[in-house]
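Step one of this worksheet: look at the structure below.
The numbers here are math on the coordinates, done by the rules we state, and not lab data. Source: prediction; values computed, not measured. Cβ sites come from the backbone with ideal geometry, for glycine too, and all protein chains shown count toward neighbours.
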């Protein structure tokens, strides 16, 4: 949807008066496997997790916006549909970089097959 933000003191000064407020309307365009919880500013990412890592835990790379990648720790024993949060503060900012939402990972546990796994049935 469209979100409206107000930035105090960044508007245009008129007739010698102090600067007013700047209003910015942003249209959020969905990205594949990502959604935003507008109430919390958390980003929810549906992520495929190999079964072995889901069972035993481990680390996986997570590509963020602006070509940045972080490593996340997958807790042991997760199942498809389970949610977990990597380090806090990687979600969207709420008019301030100090007030960021979180990224929530929704697990999609997948059976990882070898190159010729499709031949074995």
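Exposure proxy for 66, 84: other Cβ atoms within 10 Å of each Cβ, ordered fewest to most, give 66, 84. Compared with the alpha-carbon gap, the fully stretched path from residue 2 to residue 21 is longer by 5.0 nm at 0.36 nm per residue.
Listing 24, 74 from fewest to most neighbouring C-beta atoms within 10 Å gives 24, 74. Per-residue extension of 0.36 nm, minus the Cα-Cα distance of residue 12 and residue 80, leaves a gain of 19.4 nm for this segment. Put in line by how crowded their Cβ is, counting other Cβ atoms within 10 Å and starting with the fewest, 60, 43, 22 read 22, 60, 43.
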